[in-house]
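Remarks on the structure that follows.
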Amino acid sequence: MRDQLQILQRAVKDFQPFIQSALDVCIKQKLWSANDFYDVVSHLARIQGYESSIPSDITFINEHASSHWKEKAVLRELDGYLKILGGV
């Protein structure tokens, strides 16, 4: 719920002039997630040439600043997943 509300808050902050139009589209198309709403409102803004500013809470990360970028995800065998799925 918190994540959904944060997405809605960001949409309202970034695309204020298009909120009502996006809400109307989402209700008409039965799009109920915050991500769908954000996609619709940003699409409406884009087709009308609206330039939103980059939100102030976004921090750009220097690729070389952390050794965590070099970490690899653990690879697992498919047998465990096949067992869970019933041998598919």
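Below, the figures for the structure above:
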item: Proximal charge balance of Gln4 [Cβ under 13 Å; K/R count +1, D/E count -1]; result: 0
item: Per-residue Cβ neighbour rank within 10 angstrom, fewest leading, Tyr81, Tyr50, Tyr38; result: Tyr81, Tyr50, Tyr38
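Each reported figure results from applying straightforward, stated rules to the coordinates on display, with no laboratory input. The structure displayed is predicted, hence computed values, not measured ones. Cβ sites come from the backbone with ideal geometry, for glycine too, and all protein chains shown count toward neighbours.
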